[in-house]
């Protein structure tokens, strides 16, 4: 008797089918069509692997052998060896933005996602290892030092800008940046991408204080894009807070992550930039 884990594989397979991930990848990267398994099929298996067994990306073949991958996806475990995975990842690397955007557009139509409002921000992923700059491909984001979100300043990093829908927080747009890329300089590019996705519908950008710079605000106003972002604390003078009416403040019972749990509730108004609503 052979026992295999099923877990969430059928659910993952159904969503991947509805999103047509394999078809989208194979249309852009048809080079693997003559092989026993296409690039699109490999990517679908990798997505299922990440969802069911989010461990370091090694020994995926062993995972496929223990899980019901062949029964659900029709892929023999031996076909998911390291060499085949690497060839599929190399094939899609130059087309990641197109693939992600097409899958996102498919999700919007398939599941009726409301994209009139999206939330965008950047995050960082620290990596271990030397990663010398001269050994990296300059056509792709370079791993390097920056300002990591996890405060691991001794590690190099790679960054990603992610936009999610306000309707369920579904990721609809992603772009990878080098470790040293400044967050404030990525806002305009993200706005242009999101506006293209929204089409004729209205677009509201909600971001942190990194959005607020002269060039960013000017570009957003010129494009007619609404936005909300807190003013950077360094740019808000004490006189602004001094004239605020504390009677209009809202008392909250939460504190910022990382603050002491015993910290009392506060009632401080927040200064925000917001474009006028038509």
Acute angle (nearest 10 degrees) that the helix 187-198 long axis makes with the longest principal axis of the chain, alpha-carbon atoms: 70 degrees
Helix 214-223 vs. the chain, principal-axis angle (Cα, 0 to 90°, nearest 10): 70 degrees
Cα extents of the stretch 9-96 along the three principal axes, largest first (Å): 30, 28, 22
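Given a Förster distance of 22 angstrom, what is the FRET efficiency for residue 5 paired with residue 36, based on the Cβ-Cβ distance and rounded to 0.05?
Working: r = 24 Å, r/R0 = 1.07.
Once the sixth-power term is evaluated, E becomes 0.40.
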Inter-site label distance for residue 246 and residue 233 at 7 Å from Cα along Cβ, in nm: 1.9 nm
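Take 102, 250, 38 and order them by how many other Cβ atoms sit within 10 Å, fewest up front.
Values: 102 19, 250 8, 38 22.
Starting with the residue having the fewest Cβ neighbours, the order is 250, 102, 38.
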Degrees separating the helix 39-52 axis from the principal Cα axis of the chain, which is the longest one: 60 degrees
Ranked list, fewest to most other Cβ atoms within 10 Å of each Cβ, for 156, 210, 237, 149: 237, 149, 210, 156
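Determine, from the Cβ-Cβ distance of residue 215 and residue 164 and an R0 of 22 Å, the FRET efficiency 1/(1 + (r/R0)^6), rounded to the nearest 0.05. Can you show the working numbers first?
On the way: r = 25 Å, r/R0 = 1.12.
According to the calculation, E is roughly 0.35.
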√(5λ) per eigenvalue of the Cα gyration tensor, the chain, largest first, Å: 40, 22, 21
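What number do you get for the stretch 115-241 when its Cα radius of gyration is normalised by 2.2 N^0.38 Å, N = residues? All intermediate terms of the calculation are to be shown ahead of the outcome.
Working: Rg = 16.2 Å, N = 127, 2.2 N^0.38 = 13.9 Å.
Its radius of gyration relative to the 2.2 N^0.38 Å reference: 1.17.
Could you calculate the FRET efficiency of residue 82 with residue 206 from 1/(1 + (r/R0)^6), where r is the beta carbon distance between them and R0 is 41 Å, rounded to 0.05? Mind dumping the intermediate values first?
On the way: r = 41 Å, r/R0 = 0.99.
Using R0 = 41 Å, I get an efficiency of 0.50.
Restricting to bridges with both residues inside the chain, how much of the DSSP beta-bridge set is antiparallel, in percent to the nearest 5?
Values: 20 of 27 bridges.
For the chain, the DSSP antiparallel bridge percentage is about 75.
How do 96, 194 rank when sorted from fewest to most other Cβ atoms within 10 Å of their own Cβ?
Values: 96 15, 194 19.
The fewest-first ordering by Cβ neighbours comes to 96, 194.
Since every read-out is calculated from the coordinates, none of them should be taken as a lab result. Bear in mind that the values here come from a model prediction, so they are computed numbers and not experimental data. Note: ideal-geometry Cβ built from the backbone for every residue, glycine included; neighbour counts use all protein chains shown.
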